[in-house]
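A short write-up of the structure that comes next.
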Amino acid sequence: MICRSVLLSVIAVYTASAFAHDNLLRRASPSNAAEFAQLRGSSKQCADYGIPALNKMVHDHEFPKVGKIASILEHDDDARALYNSIQHQIPNIGVRESKSHHTEFGDDTKQYPESDPDCWWSMSGCHKPKHDTIPADVYQCPGKGTWGLTFDDGPYCAQNKLYNFLQEQDLRATMFFIGGNVINSPFQAQRALVDGHDICGHTWSHKLMTTLSNEQVFAELYYTAKAIKKIVGVTPRCWRPPQGDVDDRVRAIATALGMHTIMWQEDTNDWQLGEGASRKKIAHNYHKIFEKANHESPIVLTHELPKTMSEFIRMYPDMKAAYKHVVPVSACVNATNPYPEQITYPTMQQFVSGQRASQGLPSGERIRVNPDAKPTFTPTNNQQNSFS
């Protein structure tokens with residue numbers, strides 16, 4: 001009896017302590033995007049915090065597993081119906097061979113024709129599709145002296161230093177979000193919209209898209225858009241393929257989902273900082289682009305990763321000195337309606353004149369996860385004032 005009483009007492013103390021800890025955690029954790037934006041330090045920003053509505057969607061298997069190649073979920077009749085409805089728009093182009101979990105091409109690249117019949121960017125750098133119904137890739141801004149500011153691979157959990165800097169400098173950028181990261185970092189994704197950045201897709205699992213089947217390509221784009229819609233509240237009309245790997249088959253599926261393919265003209269290769277490259281090397285890459293400011297207006301590839309965000313902040317003064325304008329893709333192509341939802345972004349002329357506020361954006365206090373929200377997929381040829 002004594003042993004049992006001691007055991008029960010220990011359990012009671014443990015339970016009470018756990019309850020108190022849970023209450024403390026709830027009080028300490030952010031409850032919305034505005035509160036998240038006030039956090040400092042990686043440990044606080046990257047700590048687990050729960051959004052019950054999102055947790056339930058994940059528990060109910062409304063999304064593919066994070067980090068895994070997406071396929072249409074068995075119970076998702078809406079996705080299956082939409083996929084079936086676009087079959088006639090997909091050209092008969094084969095799936096590329098792959099190895100190393102769809103992160104490396106197979107040997108079939110050696111037999112790919114030099115004529116580039118599929119506008120396969122990875123082989124030729126092609127931006128103008130060979131199929132007339134597919135819009136050309138967006139990879140540069142008009143004129144000279146404009147830097148198209150883009151960040152891939154977000155949202156990163158400890159993003160506030162970068163986003164605060166962008167806010168302080170009155171900058172907007174185009175953010176290419178991985179679907180699984182949106183699930184894992186919802187307040188971070190919401191902050192991007194609240195701050196007026198462009199929200200675009202970057203696939204669900206960040207694999208080479210031409211190595212995936214038609215259904216997998218569809219699912220990678222569809223579930224990323226679904227996550228962004230339910231968590232952030234908008235349907236993306238833009239996307240960027242991981243490593244730039246895209247051909248007309250993949251473009252056609254994206255086009256049917258109303259997504260314009262956004263590429264880049266210049267690459268900082270800043271991701272190499274995470275692979276051991278020196279800051280000096282990446283700074284050299286930046287400066288090589290700065291030297292071209294009088295000759296081009298490139299959309300530039302940078303990343304929302306731990307070391308790359310700090311490097312962008314470090315390089316920005318020189319960027320600002322070299323380029324007359326630093327703008328998001330929406331501004332450089334006058335995409336005033338970057339989403340089908342009722343949100344209006346500034347034109348290029350408005351943006352460079354200082355009129356940078358967007359109309360219809362939610363506040364950080366009011367933006368909420370909405371399990372009932374559904375993305376609105378408008379084919380690109382039916383869009384107005386979008387990314388074209």
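At-a-glance table
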quantity: Gyration tensor verdict on region 269-309 (Cα atoms; rounded if a/c is under 1.5, prolate if a/b is larger than b/c, oblate otherwise); calculated: oblate
quantity: Packing rank of 294-307, 221-234, where each peptide gets the mean count of other beta carbons within 10 Å, highest leading; calculated: 221-234, 294-307
quantity: Set 128/281; 128/207; 110/207; 44/324; 110/307 screened for pairs whose C-alpha atoms are more than 30 Å apart; calculated: 128/281; 44/324; 110/307
quantity: Rotationally averaged projected area of region 90-158 (alpha carbon convex hull; nm²); calculated: 8.1
quantity: Extended-chain gain in nm, criterion 0.36 nm per residue less alpha-carbon gap, residue 272 and residue 314; calculated: 13.5 nm
quantity: Karplus-derived 3J(HN,Hα), 6.51/-1.76/1.60, for each residue of region 277-285, Hz, glycine and proline x; calculated: 5, 7, 4, 4, 5, 5, 4, 4, 4
quantity: Difference of contour (0.36 nm per residue) and Cα-Cα distance, residue 128 to residue 55; calculated: 22.1 nm
quantity: Theoretical FRET efficiency, 1/(1+(r/R0)^6), r = Cβ-Cβ of residue 66 and residue 294, R0 35 Å, to 0.05; calculated: 0.20
quantity: Entries of 68/230; 292/320; 68/130 with Cα pairs more than 22 Å apart; calculated: 68/130
quantity: Karplus 3J(HN,Hα) series, Hz, for region 366-374 with 6.51 cos²θ - 1.76 cosθ + 1.60 (x for Gly, Pro); calculated: 9, 5, 9, 5, 10, x, 8, 5, 10
quantity: Label selected from (1) 0.93; (2) 1.01; (3) 1.44, the criterion being Rg/Rh (Cα atoms, Kirkwood Rh) as computed here; calculated: (2)
quantity: Debye, to nearest 20: dipole size of region 54-206, +1 on Lys, Arg Cβ, -1 on Asp, Glu Cβ; calculated: 300
quantity: Enclosed volume per residue, in Å³, of the convex hull spanned by Cα atoms of region 318-388; calculated: 129
quantity: From phi via Karplus (6.51, -1.76, 1.60), per-residue ³J(HN,Hα) for region 103-108 in Hz, x at Gly/Pro; calculated: 10, 8, 6, x, 7, 5
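Each reported figure results from applying straightforward, stated rules to the coordinates on display, with no laboratory input. Given the structure is predicted, the values throughout are model-derived calculations rather than measurements. When we count neighbours, we look across all protein chains shown, and the Cβ atoms used for this are built from the backbone with ideal geometry, even at glycine.
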